[in-house]
Amino acid sequence: MADLSAVLSDVLNLDGAMCAAVVDSTNGMILASAGVGVDIEIAAAGNSDVVRAKLKTMQLLDLNDKIVDILITLGKQYHIIRPVSNAEGVFIYLVLDSAKANLALARRKVSDVEGLIERI
């Protein structure tokens, strides 16, 4: 998974980027990660629950749609979760320092990363 790690390392060049991971939401396992700032193992498992809960809720509401991204704003951090379109159950997870980050640029970069991952 060296290619995934290289892609994630590039994401960390964003202002305020702390850490990033590619996660399998079916089991919470990390496929690749980079950076520091949070316990990425715990964050991956917990956010896998978030993704699964949202998908279940969408199914219960009979929504014929997909998650583009999930944004969690904390007092000091932004957490971006973006499912990878062509890899069922896989999502990109990025943690940013909200005092230093540009949220619009970060969301755009995560979208670009999704495209790169789809080609790996």
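The values are calculated or read from the model by the stated rules, or taken from the named source; none is laboratory data. This one's a predicted model, so the numbers in the text were calculated from it and none came from an experiment. No Cβ is skipped: glycine too gets one built from the backbone with ideal geometry, and neighbour counts run over all protein chains shown. Protein only, heavy atoms only, side chains kept; ligands, DNA and RNA dropped before computing areas. Shrake-Rupley method; radii C 1.70, N 1.55, O 1.52, S 1.80 Å.
General remarks:
- Rolling a 1.4 angstrom probe over the protein heavy atoms with all chains in place gives segment 27-120 an accessible area of 60 Å² per residue.
- Cβ-placed point charges (K, R +1; D, E -1), dipole of the chain about Cα centre in debye, nearest 20: 280
- Long-range lysine pairs (8 or more apart or interchain), the chain, Cα under 25 Å: 8
- Accessible-area composition of the chain, carbon plus sulfur, in percent [1.4 Å probe]: 52
- Computed lengthening from Thr73 to Val36, 0.36 nm per intervening residue step minus Cα-Cα distance: 11.5 nm
- Correct choice for Rg and Dmax of the Cα atoms in Å that was computed from the model, options [x] 16.5, 49; [y] 13.4, 39; [z] 14.0, 43: [y]
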